[in-house]
Amino acid sequence: MSLNNQSASYKTVFKVSPSIIWLSSLFIGMLAAIPKILLINITLTELAVDASIAFTFSLVVWYTNLYNLPKFTSQPADNSFFNRKLLFSLLIGIVVMIVLVLTHMLIFPRYKFQSMMLMYQFRGILINLTIYMFLHLLYHSYSSQLMGIELERTKADNLGAQFELLKQQVNPHFLFNSLSTLKSMIEIGDPHSADFINQLSDFYRFTLEKRKSDLISLAEELNILEAYTYLLKARFEDGIDLNITIDNNYQQSYIPPFTLQLLLENCIKHNIVSLEQPLPIRLYISGDSLVIENKLQLRKKSEFSTEMGLENINQRYIHLISKKVEIESGTTSFKVKLPIIYERPNY
């Protein structure tokens, strides 16, 4: 059976392969003629005529029920089995069977079809119910699949919108703090002012170039993190002690863009960062995880956190590779373990 998806007026169209319809109708026609074989003096012509009635009837019932689906009507889908569509199908079937038998009576008068009208009607009702039940189950199974796919698509779109907002967020105070730092550097004639401007430019260029990507290489992500860290160090100086130990073999693995930047920002947001009490942060590989770990030196008045950032990153990994982000909060350190993505997922 073929269930084809086709975009038409933003709707997915349910179809059954014509070959299935015709082959199943032919099978029903042959099956319906089997009882006649038991009769004495039955001819092949009479068997063929009898089978042709069931075959033609099955074709009509197939297409009647198909065209009675919501795809071709303005009526909403009815999930119940016994409904008006079934009654309509049975009534149409009775009329069609009468027409077929009368037609065969005119073409083959010697076979006395009129004496078997009730038998043909009973057979037609059974054929009709069988086809209707099969199509009913198939259609509603298909509709359930579409609803599941649409739900996942909506969930993914919503998650993508949240992540897009998260990527563009870059802490509302970050740009203000960066510009304030730059102003101070220029006022005191700091020779690193030009480098700071270049790094700030690189960081926002990365933001514009990569913000629409679902995944980028770890090498690109580390370039973004390098620019971001440079800007932070201009403000906190040696208050940030970032140590990155990642083998080159992992540089071409993949990661959602700005994940490390957001996690680094999270470290600074909740911990004391100062020259007197530097914040050690490590970025390394452990097994099949990329780990960012920071020493816990929590602020007395930490910024309010909705934990949306960590949960959103977690949901992105679940959506992309069906794996969760692991979070380990101990008494002295806080770790976030990101599953390494070795291949870009196919959609």
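Each value in this text was obtained by applying a stated rule to the coordinates, not by laboratory testing. In this text, all values refer to a predicted model and were calculated from it rather than measured experimentally. Methodologically, a virtual Cβ is constructed for each residue, glycine included, from the backbone with ideal geometry; neighbour enumeration extends over all protein chains shown.
Here the extension length gained between ILE94 and ASP190 equals 25.1 nm, from 0.36 nm per residue of separation less the Cα-Cα distance.
Maximal additional length on extending the SER213-VAL291 stretch stands at 25.9 nm, based on 0.36 nm per residue less the C-alpha distance. A full extension of the chain between LEU106 and TYR204 corresponds to an added length of 26.9 nm, given 0.36 nm per residue minus the alpha carbon distance.
Starting from the coordinates of the alpha-carbon atoms of the stretch 193-347, obtain the Kirkwood hydrodynamic radius over all distinct pairs and give the value in Å to one decimal.
16.2
Remark: spin-label model distance LEU146-ILE246 equals 4.3 nm, labels positioned 7 Å along the Cα→Cβ axis.
Cross-link pairs exceeding 20 Å between alpha carbons, from the set LYS183/LYS300; LYS233/LYS324; LYS300/LYS337; LYS233/LYS335; LYS269/LYS300: LYS183/LYS300; LYS233/LYS324; LYS300/LYS337; LYS233/LYS335.
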